[in-house]
1. Picking from Leu85, Ala41, Val110, whose Cα lies most toward the positive end of the charge dipole for the chain (charges on Cβ: Lys, Arg +1; Asp, Glu -1)?
2. Please report, for the Cα atoms of the chain, the Rg to one decimal and the Dmax as a whole number; what are they, in angstrom?
3. About the Cα centre of the chain, what is the dipole size in debye to 20, counting +1 per Lys and Arg Cβ and -1 per Asp and Glu Cβ, all else neutral?
4. Is it possible to state the helix-based mean residue ellipticity at 222 nm for the chain, with each DSSP H run of 4+ residues giving -39500 (n - 2.57), the sum divided by total residues, to the nearest 500 deg cm²/dmol? What is it?
5. Starting from the Kirkwood radius over alpha-carbon pairs of segment 1-79, derive D by Stokes-Einstein at 20 °C in a medium of 1.002 mPa s and give it in µm² s⁻¹.
6. With 5 Å bins from zero, work out the P(r) of segment 78-127 over every alpha carbon pair and list the percent per bin.
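Nothing in this text is a laboratory measurement; each read-out follows from the coordinates by a stated rule. Just so you know, these numbers come straight off a predicted model, no measurement behind them. Here the Cβ positions follow ideal geometry from the backbone for every residue, glycine too, while neighbour counts run over all protein chains shown.
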Amino acid sequence: MRRFADAVRLDPSYGPAYLELGAARERGGDFVEAERTYDVAIEHVPNFVAALRARAALSRRMGEFAREMADLEHLARLAEGPDTLRALAARHVEDRAWPAALATFRRLRVLAERSGDEQLLRETTLQVRALTVLCGDLDPVVAGAGERDWVRRALASVARRRGF
């Protein structure tokens with residue numbers, strides 16, 4: 001730990017040293033210092049995705065679910081990849097935040113379509129259909145089918161055709 005601490009003192013923008021120092025502190029059971037390490041890393045290294053991931057996982061271990069969710073949402077904006085969106089969607093499902101989970105799975109489905117990942121496309125299509133049922137009228141896309149506004153009706157029509 002001393003060497004990693006020395007490394008970040010010498011170069012405060014060297015991300016890997018922060019990650020190793022934070023991980024070492026976690027292994028040692030010092031979660032508060034590990035969290036502080038990740039905080040400093042995120043402050044000194046712009047858009048440090050790995051530190052956000054590490055802090056989100058640590059926040060979950062510490063029971064700080066609001067901070068975990070904030071980090072996952074920040075991650076989804078910075079690195080909109082399947083793993084990040086899956087983690088965010090799973091967290092929304094755990095919280096029974098059905099509309100948020102539905103929106104996240106829709107984003108994930110678009111990624112699956114773009115990448116041609118058939119397995120991910122099947123998985124997300126199933127999730128979107130199930131969450132659409134759970135959301136019911138809370139889903140602004142499907143709920144728009146009965147609206148007078150032509151834009152809402154059009155969105156609902158496209159969503160039905162595409163399985164959203």
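1. Val110
2. 19.8, 66
3. Numbers: 27 positive and 25 negative charges, 119 e Å.
Approximately 580 debye in magnitude.
4. Details: 10 runs with 130 residues, N = 164.
Computed mean residue ellipticity for the chain: -25000 deg cm²/dmol.
5. Values: Rh = 12.3 Å.
Answer, rounded: 174 µm²/s.
6. That works out to 5, 25, 33, 24, 10, 3, in percent per bin.
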